[in-house]
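The values are calculated or read from the model by the stated rules, or taken from the named source; none is laboratory data. Given the structure is predicted, the values throughout are model-derived calculations rather than measurements. Here the Cβ positions follow ideal geometry from the backbone for every residue, glycine too, while neighbour counts run over all protein chains shown. Note: areas computed on protein heavy atoms with side chains; ligands, DNA, RNA excluded. Shrake-Rupley method; radii C 1.70, N 1.55, O 1.52, S 1.80 Å.
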Amino acid sequence: MFLEFIHPLVAFFTPFNVIQYLSFRGAYAAITSLLLCFIFGPRIIAALLRFKIGQSVRKDGPQSHLKKDGTPTMGGIFLILSILIAMLLWMDFRNWYVWLVLGALTAFGLIGFLDDYLKVARHNSAGLPAWAKLIFQFAVSLTIVLILYNSSSAEITYLYIPFFKNPVVDMGRLWIPFAVLLIMGSSNAGNITDGLDGLLAGLLILVFLTFAILTYLSGHFTFSSYLGIPFIPGAGELSVFSLAIVGALIGFLWFNATPAEVFLGDVGSLSLGGVAAVLSLIIKREILFFIIGGVFVLEIASVIIQVAVFKLRGKRVFKMAPWHHHAELSGWAESKVVIRFWILGGLFTIIALSTLKIQ
């Protein structure tokens, strides 16, 4: 909005030209979303408390979590609202990639909202049936992937692997199911990781900071050519989107830090996990995404291993899945688990960014 209104005034006042720079709009999108979280947060938390929209804690989990029963959930509402408003102020309305990721954020947010609402209405931790949630996620993911497949260049189906400049294979139509599974897996991995105060928010800050860098480089012809990464015209605008999410997550973490005043809920975890995968598809960093989100890969892998081994052998590999609960039950304090997982997330981020020069 600011870009459309202010840019024509450059002819009369040259300093207004700063509005066209991605770095400027990205920084202020982050500040805007952060401040909006500070404005909306207390009001929405108070409303959640008033309507008794609280988290139902699993009785078979760590006993230290029982005191969290009734803590307001669905905090992702004010986070998504802050992101949407910030983007409407600072985005380039002509960029269709931004509209696609905003649509993905909203659609997955609605699925999460329905899941959270059913949990609250039933006063237990069971929301949407697993099959229903998967169907909704599949429908949204397939829609996004088909839009990308039909609206992007033929190179959208190329698969790039870290440490290699050139694509290793053209997946053709097989890219469609691969991309759908990536979005669904990322959305659910975010949901699974959201189990401790501040854990998911802190990890996602690292993920979206990384995407802010990658999308900026991918959308800049000179930088992408120098680094030998795919040049994606228009992808630079997604750095503004990524930074708006970072700002909102920092604002949310203010209320979500131990002891949490509010939880993200599925409305936040499903949407942010899903949209991270969409960003990776747009800039052709699908495989690198497994490194960027390394902690999420470990979390969802722990659940898969636990379920598979238990069904095959009747034994448990972990004291409790996902992995962060196993760490707690092994004697780590909640705050120590969170900080150590953040450190792991930072390590994966450094490794992912280092691949830009090692190819």
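Of note:
- Flag if I161 is in a loop (DSSP other than H, G, I, E, B) and of a type outside the set (D, E, K, R): yes
- L312 in contact with a Pro (Cβ under 8 Å, 6 or more places away or on another chain), modelled with pLDDT under 95 and either more than 18 Å from A260 (Cβ to Cβ) or open to solvent by 50 Å² or more (accessible area, probe 1.4 Å) (or both): no
- Qualifying residue in the stretch 317-334 (condition: at positive phi and buried (at least 22 other Cβ atoms within 10 Å of the Cβ)): no
- Residues satisfying the stated conditions in the stretch 5-50, i.e. hydroxyl-bearing (S, T, Y) and in contact with a Ser or Thr (Cβ under 7 Å, 6 or more places away or on another chain): S33
- Single condition S64 does not satisfy, out of (1) at pLDDT below 90; (2) surrounded by 15 or more Cβ atoms within 10 Å (Cβ to Cβ); (3) within 30 Å of K319 (Cβ to Cβ): (2)
- Residue list for the stretch 219-243, filter: within 16 Å of I156 (Cα to Cα) and of a type in the set (F, W, Y): F231
- Top-ranked residue in the stretch 88-113 [being in contact (Cβ under 8 Å) with a residue 60 or more places away in the chain and outside any helix (DSSP H, G or I); ranked as most open to solvent (accessible area, probe 1.4 Å)]: F93
- Hey, I44 more than 25 Å from W99 (Cα to Cα), open to solvent by less than 50 Å² (accessible area, probe 1.4 Å), part of a helix (DSSP H, G or I) and at pLDDT 80 or above or not: yes
- Residues of the stretch 218-240 satisfying the condition of being touching a Ser or Thr at 6+ places or on another chain (Cβ under 8 Å) and either among the aliphatic types (A, V, I, L, M) or closer than 30 Å to I339 by Cα (or both): I229, I232, A235, L238, S239
- Options L110, L105: the member that is modelled with pLDDT of 95 or more, more than 16 Å from L243 (Cα to Cα) and out of contact with any Lys or Arg (no Cβ under 7 Å at 6 or more places or on another chain): L110
- Qualifying residue in the stretch 162-185 (condition: farther than 30 Å from L3 by Cα, modelled with pLDDT under 95 and under 22 Å from the mean Cα position of the chain (by Cα)): yes
- Residues of the stretch 114-128 that turn out to be assigned to a helix (DSSP H, G or I), without any contact (Cβ under 8 Å) to a residue 60 or more places away in the chain and open to solvent by less than 50 Å² (accessible area, probe 1.4 Å), as a count: 1
- Residues being among the β-branched types (V, I, T) and open to solvent by 10 Å² or more (accessible area, probe 1.4 Å) - total across the stretch 177-232: 6
- Residue, farthest from the chain's Cα centre (by Cα), within the stretch 1-23, restricted to residues that are surrounded by 15 or more Cβ atoms within 10 Å (Cβ to Cβ) and either free of Cβ contacts under 8 Å to residues at least 24 places away in the same chain or more than 26 Å from V246 (Cβ to Cβ) (or both): F16
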